[in-house]
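The values are calculated or read from the model by the stated rules, or taken from the named source; none is laboratory data. Computed from a predicted model, the values in this text were never measured in an experiment. With ideal geometry, Cβ positions are generated from the backbone for all residues, glycine too; neighbour counts draw on all protein chains shown. Accessible surface is based on the protein model in full, side chains and every heavy atom, while ligands, DNA and RNA are left aside. Shrake-Rupley method; radii C 1.70, N 1.55, O 1.52, S 1.80 Å.
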Amino acid sequence: MLASVVLFAVNTLLIRAISLRYPVADGWVATVFRGAVGLLFVFGVYGWGRGLEARRLLKGRLITIRGVVGALSIVAFYVSIIQLGAAQAVILNLTYPIFASVIAAIWLKEKLSRAAMAWMVVGFCGLGIFLSDPEKSFSYSPYTLLGLAGACGAGWVVVIIRRLRHEEHPATIYASQALYSLVIASPAVSKLPNVPLSAWGWLALAAVVVTVAQLVMTQAYQSMSVARGSSLQMILPLVTAVGAWLCFGESFHQLEIIGAILTLVATWRVLMSR
């Protein structure tokens with residue numbers, strides 16, 4: 001699970017570097033590459049009897065729900081970034097571990113102690129401190145509800161992944177999201193002729209990195225509860241921040257560092273809980 005966090009952070013840093021160098025390569029274009037390259041990767045590595053069940057992508061009910069809901073959650077996240085700004089969008093999106101833990105407790109009967117839930121809330125508050133902009137106040141709008149809906153969808157997807165751990169191969173589970181992400185982002189294909197060829201290779205590399213991250217995360221959920229796995233995913237912004245500090249020279253205020261430490265302590269407490 002920690003490996004997937006590192007890989008997700010690397011993907012985020014790659015996408016940011018690409019967008020800075022090639023502004024036409026926006027989030028929608030990156031989603032197209034993520035879906036197309038992801039499908040090519042899983043078919044090349046796991047196809048033809050090596051784990052991937054292509055027929056299940058259209059016939060498996062939970063597999064289809066995982067793909068559609070996952071793709072819509074990605075769209076909701078991108079739209080909320082554009083309308084609310086990155087900080088508010090990320091804060092809203094990172095409520096998904098709380099949604100996931102509650103859904104898993106109800107649907108999968110996973111045990112969730114009050115202490116674990118309390119520490120998850122503390123970790124979320126730490127992220128709120130870390131990601132907040134002192135010059136801007138948090139505002140409420142219809143896009144706030146959209147961001148929360150996307151987070152709820154992401155939490156549902158995590159629980160579906162956990163639910164399918166004994167029935168489907170990780171490659172099949174991820175291929176579903178790649179397929180429906182490509183379908184939903186297909187209008188952005190018209191932008192591809194304007195993307196320089198030099199950017200294609202970097203976008204493809206970022207897509208491979210996020211594909212491996214998804215596969216590793218899916219594999220980890222086969223033996224890790226939703227509460228513990230999703231709590232580890234909450235440190236993703238912190239790992240990304242360290243990468244941004246190393247790669248882009250970004251700096252952080254003392255209050256942001258305090259929020260990061262609070263999230264790390266809360267994540268450790270969730271992992272150590274029964």
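Name the shape class, rounded, prolate or oblate, that the alpha-carbon gyration tensor gives for the stretch 168-274, where a ≥ b ≥ c are the square roots of its eigenvalues, rounded holds for a/c under 1.5, and otherwise prolate holds if a/b is larger than b/c and oblate otherwise.
Numbers: a/c = 2.92, a/b = 1.30, b/c = 2.24.
Cα axes put the stretch 168-274 in the oblate bin.
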Only sites in a loop by DSSP and with at most 12 other Cβ atoms within 10 Å count here; which chymotrypsin sites (Phe, Trp or Tyr not before Pro) in the stretch 29-67 make the cut?
TRP48
What distance in nm separates the simple spin-label points at GLN222 and ALA149, each placed 7 Å from Cα in the Cβ direction?
3.5
Extended-chain gain in nm, criterion 0.36 nm per residue less alpha-carbon gap, LEU264 and SER198:
20.0 nm
Checked against the structure, the computed Rg and Dmax of the Cα atoms in Å among (1) 24.2, 78; (2) 22.3, 73; (3) 18.1, 55 is the one labelled (3)
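Can you show me the helix-derived [θ] at 222 nm for the chain, built from DSSP H runs with n ≥ 4 at -39,500 (n - 2.57) apiece and divided by the number of residues, rounded to the nearest 500. Before the final figure, lay out the partial values.
On the way: 13 runs with 207 residues, N = 274.
Value at 222 nm, helices only, nearest 500: -25000 deg cm²/dmol.
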Output the peptides 89-95, 243-249, 176-182, 103-109 sorted from most to least packed, where packing is the average of other Cβ atoms within 10 Å over each peptide's residues.
176-182, 89-95, 103-109, 243-249
Local electrostatic count at GLN222 - Lys and Arg +1, Asp and Glu -1, tallied over other residues with Cβ under 15 Å:
+2
At what distance in nm do the modelled label points of ILE65 and LEU20 sit from each other, each positioned 7 Å from its Cα along Cα→Cβ?
4.2
Taking the Cα-to-Cβ direction at CYS247 and at PHE43 and moving 7 Å from each Cα, how far apart do the two end points lie in nm?
2.8
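Once you order the gyration tensor axes a ≥ b ≥ c over the Cα atoms, which shape class does the stretch 138-207 get: rounded for a/c under 1.5, otherwise prolate or oblate by comparing a/b with b/c? Please list the in-between numbers first.
Working: a/c = 2.58, a/b = 1.18, b/c = 2.18.
Note, shape of the stretch 138-207 comes out oblate.
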Please report the carbon-and-sulfur percent of the accessible area for the stretch 16-90; probe 1.4 Å, protein heavy atoms only, DNA, RNA and ligands left out.
65
Inter-centroid distance (Cα atoms) of the stretch 182-247 relative to the stretch 40-61, Å:
20
Write down the accessible area per residue of the chain in Å², having rolled a 1.4 Å probe over the full set of protein chains.
49
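Give me the percent of accessible area attributable to carbon and sulfur for the stretch 179-259, probe 1.4 angstrom.
On the way: 2730 of 3860 Å².
Reported share for carbon and sulfur atoms: 71 percent.
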What residue among LEU20, LEU72, LEU232 has the largest mean-square fluctuation in a Gaussian network model of the chain, using Cα springs under 10 Å?
LEU20
